[in-house]
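S.K.: After the structure tokens below, expect a handful of questions from me.
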Amino acid sequence: MKIQTLLNVIIAFVLIAYWGISARRIKKDRVQQTMPWSWLLVILVAGLVFLADRLPFAQIRLVPPTPVVTFIGTFLEIGGVALAVWGRRQLGANWSSAASVKEGHELVTSGPYCVVRHPIYAGFLWAMLGAALTHNGLLWIAGLAILIPVFVYRMSVEEKLMAGEFPNQYPELQRRTKRVIPFVW
């Protein structure tokens, strides 16, 4: 097993363990938007990632595997996962796997939320981009291409809920921060 693949397995294991343990302490939903098809696409991407190192055609390289490309990819992977975990931790009991408003919901504007409105999605996208650079297989790029519109849709649904729940504070947060990339988008 390649070192980079082993690193990805370790990162995924730690991330899944943290997500599962921290999900035990969330508040009850007051309002929830169901988006079952978006979870199906996320599962599809997980399947693509699992196959990424196993299918020969998935190993077609689009960028030369230089040490610089590998370093940048690894940095984006680790940094992206760290950003997602930080965002999840900052949300605390307000987090949900679906767009929802919790009982006693609080608008979180500290930590990574003072820089981007969706650090969890941003972190996952940055990590996928890093994996696409590091592994450079077509399936990683396909996974990223699937996740972007799914996450954009989920962000839009969540933003409508938050704007309805926090009609004064959320528009101010939208004026101050970008969705995923600080100062850009």
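S.K.: For a quick check of your reading: which helices (runs of 4 or more DSSP H) sit entirely within region 95-185 and have at least 1 residues that are surrounded by fewer than 18 Cβ atoms within 10 Å (Cβ to Cβ) and either charged (D, E, K, R) or in contact with a strand residue (DSSP E or B) (Cβ under 9 Å, 6 or more places away or on another chain) (or both)?
M.R.: It comes to 138-165, 169-176.
S.K.: Of the numbered conditions (1) part of a helix (DSSP H, G or I); (2) farther than 17 Å from ARG24 by Cα; (3) modelled with pLDDT of 90 or more, VAL85 fails exactly one; give the number of that condition.
M.R.: Just one mismatch for VAL85, condition (2).
S.K.: Within region 127-147, does at least one residue satisfy the condition of being β-branched (Val, Ile, Thr), modelled with pLDDT of 85 or more and under 17 Å from the mean Cα position of the chain (by Cα)?
M.R.: Looking for residues that are β-branched (Val, Ile, Thr), modelled with pLDDT of 85 or more and under 17 Å from the mean Cα position of the chain (by Cα), one finds none in region 127-147, hence no.
S.K.: So ILE72 clears everything in (1) of a type outside the set (Lys, Arg); (2) modelled with pLDDT of 75 or more; (3) closer than 21 Å to PHE151 by Cα except one condition, right? Which one?
M.R.: Here ILE72 meets the rest and fails (3).
The values are calculated or read from the model by the stated rules, or taken from the named source; none is laboratory data. It should be emphasised that the depicted structure is a prediction, and the values quoted were computed from it without experimental measurement. Note that we place each Cβ from the backbone using ideal geometry, even for glycine, and neighbour counts take in every protein chain shown.
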